[in-house]
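Asks: First the structure, which I've put down as structure tokens, then a few questions once you've had a look.
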């Protein structure tokens, strides 16, 4: 059963004119007449009378019109119900701690389950093992076999004691900070991996004096003037209450992507 033919027929019956029905459906009159003829051939019965005054449905046509209207209504209801199921499917969303606290709350994800893991590589593994449906990760660690869409790109920010007198700079190069004592999150941590990899690839130096497991410890050491640290801008926005200087490193950035094994969860993510 061709629903398009049935819908076309109901419009012809209501308009009582091939010309007016064609205009309403935005198709040519010959194409509309052909669809009507196909429908009559399928049922092997005339469905309309044609005259100079227009179109009149036959007894069979009137029966078909009533049945078609009901069938089209049910088809639309089924489609709507299926869309509701698709929208309401609970996603298992894996993400980094920084995204869970500073990004996801703005996305209204109450209907989904959130799983927080410390590193993008771990999230990619969980995605591959079907433990989660979708992951928000640093693109550096993405699996090229998976689908992905970019969410945003941001700079890394130096968090430094006021006594280092770096606050007057609008931006810093690595050469300007590499001699300062540096404190980073302990591995596994995307920022730790990203920074150390950048230093190695660029041929720069790093004066890494300490790694700590928790953010509060990290900022405590900075406030105690034991060194500076580097965090993504998303995290730095939540540190405005601290008496420290924040300066971007334009050459050091991260791109956050949403990734999944198929495109469907990504579509659902953006259509939440």
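Each reported figure results from applying straightforward, stated rules to the coordinates on display, with no laboratory input. What you see is a predicted model; the values in this text were computed from it and never measured. Positions of Cβ are generated from backbone atoms using ideal geometry, with glycine treated the same way; all protein chains shown enter the neighbour counts.
Asks: So which residue, out of 79, 40, 149, gets the largest mean-square fluctuation from a GNM of the chain using Cα contacts under 10 Å as springs?
Replies: Between 79, 40, 149, it is 40 that shows the largest mean-square fluctuation.
Asks: Before anything else, pin down the relative contact order of the range 3-88: Cα pairs under 8 Å, at least 6 apart, normalised by residue count, whole percent.
Replies: After rounding, I find 31 percent.
Asks: Working out 0.36 nm times the residue gap between residue 52 and residue 168, then minus their Cα-Cα distance, what length gain in nm do you get to one decimal?
Replies: Computed gain between residue 52 and residue 168 is 33.2 nm.
Asks: Turning to a different aspect of this structure: Hey, what number do you get for the chain at 222 nm if only DSSP H runs of n ≥ 4 count, each worth -39500 (n - 2.57), divided across all residues, to the nearest 500?
Replies: It comes out at -13000 deg cm²/dmol, rounded to the nearest 500.
Asks: Separate question: What FRET efficiency, computed as 1/(1 + (r/R0)^6) with R0 = 25 Å and r the Cβ-Cβ distance, is obtained for residue 45 and residue 14, rounded to the nearest 0.05?
Replies: 0.80
Asks: When the Debye formula is applied to the Cα atoms of the chain, each taken as the same point scatterer, what base-10 log of I(q)/I(0) results at q = 0.07, 0.12, 0.17 Å⁻¹?
Replies: -0.48, -0.79, -1.20
Asks: Working only with C-alpha atoms, what are the Rg and Dmax values of the range 3-88, expressed in angstrom?
Replies: 14.5, 53
Asks: Let me ask another. To make sure I understand, if each residue's beta carbon is the centre and we count other beta carbons within 10 Å, what order do 189, 95, 63 fall in, fewest to most?
Replies: Lowest count first: 63, 189, 95.
Asks: Considering only C-alpha atoms, what is the centroid distance from the range 180-245 to the range 143-159, in Å?
Replies: Between the Cα centre of the range 180-245 and that of the range 143-159, the gap is 19 Å.
Asks: Right, something else. Okay, which of the range 199-234 sit inside 11 Å, backbone N to the point 7 Å along the Cα-Cβ direction of residue 186?
Replies: Hits in the range 199-234 for residue 186 at 11 Å: 211-214.
Asks: OK, next. Go ahead and set up a Gaussian network model of the chain, Cα springs under 10 Å, then flag whichever of 136, 223, 25 fluctuates most.
Replies: For the chain, modelled as a Gaussian network with Cα springs under 10 Å, the answer is 25.
Asks: Looking at the chain as a GNM with Cα springs under 10 Å, which of 167, 61, 227 has the largest mean-square fluctuation?
Replies: Of 167, 61, 227, the Gaussian network model singles out 61 as fluctuating most.
Asks: Okay, next question. Return 50, 254 ranked ascending by Cβ neighbour count within 10 Å, so the fewest neighbours appear first.
Replies: Lowest to highest Cβ neighbour count: 50, 254.
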